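Chemist: The structure that follows is given in the form of structure tokens.
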Amino acid sequence: MPSTYTPIATTTLGSAASSVTFSSISGSYTDLILVMNVGGSVSGNAMNMTFNSDTSTNYSDTGLWGTGSSAASGRHSNATNAALSIGVGVSTSASDTQTMVQIQNYSNTTTYKTYLARTGNTAGSYPGAEAIAGLWRSTAAITTVSVACGANWVTGSTFTLYGVKSA
């Protein structure tokens, strides 16, 4: 069954910001897709997100990353945020780090929420590609998504949230 992507909101930073938040997300889609072209004020910082402002230890993830010459893996249990990168750090240029996050069944109120994040960094201190599978242990519908990088997002970073509807 084909799906359609509907842009919900886009933010392009006119100045540095510590985080970007999408709030009042409608429950009328099946999934969410977050696309980011970003940079951080400090090269190599990891990226993360929170759902519904939850900073309790309700997140877990497993990631795989590689640089073309080496590969590694890592995981977090009982974390206070959802990792979008573990081994591939954000670059200082707003165009060098690209991330796509798929958040499945975000409005379902009977299951925990899962997400898949893919990041590529073409420059900076930690270049490479990474994939993360994560879990938010809550049955609450996701109405707010916030993303941060451990430093400030740089001017020109873009964030677009899409809703996915089954056709």
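The values are calculated or read from the model by the stated rules, or taken from the named source; none is laboratory data. Since this is a predicted model, take the numbers as computed values, not measurements. Every residue, glycine among them, receives a Cβ derived from its backbone with ideal geometry; neighbour counts consider all protein chains shown.
Chemist: So which residues in segment 82-125 are closer than 20 Å to residue 72 by Cβ and out of contact with any strand residue (DSSP E or B) (no Cβ under 9 Å at 6 or more places or on another chain), if there are any at all?
Modeler: 125
Chemist: Would you point out the residue of segment 77-91, among those that are under 17 Å from residue 115 (Cβ atoms), in a loop (DSSP other than H, G, I, E, B) and touching a Ser or Thr at 6+ places or on another chain (Cβ under 8 Å), that is modelled with the lowest pLDDT?
Modeler: Per the criteria, the residue is 88.
Chemist: Give 62, 57 a once-over and let me know the one that is surrounded by 15 or more Cβ atoms within 10 Å (Cβ to Cβ) and either modelled with pLDDT of 95 or more or not in a strand (DSSP E or B) (or both).
Modeler: One residue alone meets the criteria, 62.
Chemist: If you take the residues of segment 1-48 that are of a type in the set (Gly, Ala, Ser) and assigned to a strand (DSSP E or B), which of them is farthest from the chain's Cα centre (by Cα)?
Modeler: The residue in question is 3.
Chemist: Suppose we keep only residues that are buried (at least 19 other Cβ atoms within 10 Å of the Cβ), in contact (Cβ under 8 Å) with a residue 60 or more places away in the chain and part of a strand (DSSP E or B) within segment 120-131. Which one would you say is nearest to the chain's Cα centre (by Cα)?
Modeler: 130
Chemist: Looking at (1) over 27 Å from residue 164 (Cα atoms); (2) in contact (Cβ under 8 Å) with a residue 60 or more places away in the chain; (3) out of contact with any strand residue (DSSP E or B) (no Cβ under 6 Å at 6 or more places or on another chain), which is the one condition that is false for residue 23?
Modeler: (1)
Chemist: If a residue has to be aliphatic (A, V, I, L, M), closer than 15 Å to residue 107 by Cα and buried (at least 19 other Cβ atoms within 10 Å of the Cβ) to count, how many in segment 132-160 make the cut?
Modeler: The qualifying residues number 2.
Chemist: Among the numbered criteria (1) touching a Lys or Arg at 6+ places or on another chain (Cβ under 7 Å); (2) of a type in the set (Ser, Thr, Tyr); (3) closer than 23 Å to residue 144 by Cβ, which single criterion is violated by residue 62?
Modeler: Of everything listed in (1) touching a Lys or Arg at 6+ places or on another chain (Cβ under 7 Å); (2) of a type in the set (Ser, Thr, Tyr); (3) closer than 23 Å to residue 144 by Cβ, residue 62 misses just condition (3).
Chemist: Taking segment 104-119, which residues are hydrophobic (A, V, I, L, M, F, W, C) and either in a loop (DSSP other than H, G, I, E, B) or touching a Ser or Thr at 6+ places or on another chain (Cβ under 8 Å) (or both)?
Modeler: 117
Chemist: Quick one: would you say residue 74 is part of a loop (DSSP other than H, G, I, E, B) and either free of Cβ contacts under 8 Å to residues at least 24 places away in the same chain or under 16 Å from the mean Cα position of the chain (by Cα) (or both)?
Modeler: no
Chemist: Could you list all residues from segment 94-119 that are at pLDDT below 90 and surrounded by fewer than 16 Cβ atoms within 10 Å (Cβ to Cβ)?
Modeler: Of everything in segment 94-119, just one residue is at pLDDT below 90 and surrounded by fewer than 16 Cβ atoms within 10 Å (Cβ to Cβ), namely 95.
So that you can scan it fast, the table gives a plain yes or no per residue for (1) of a type outside the set (A, V, I, L, M); (2) under 26 Å from residue 138 (Cβ atoms):
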position	(1), (2)
4	yes, no
11	yes, yes
23	yes, yes
27	yes, yes
47	no, yes
51	yes, yes
57	yes, yes
69	yes, no
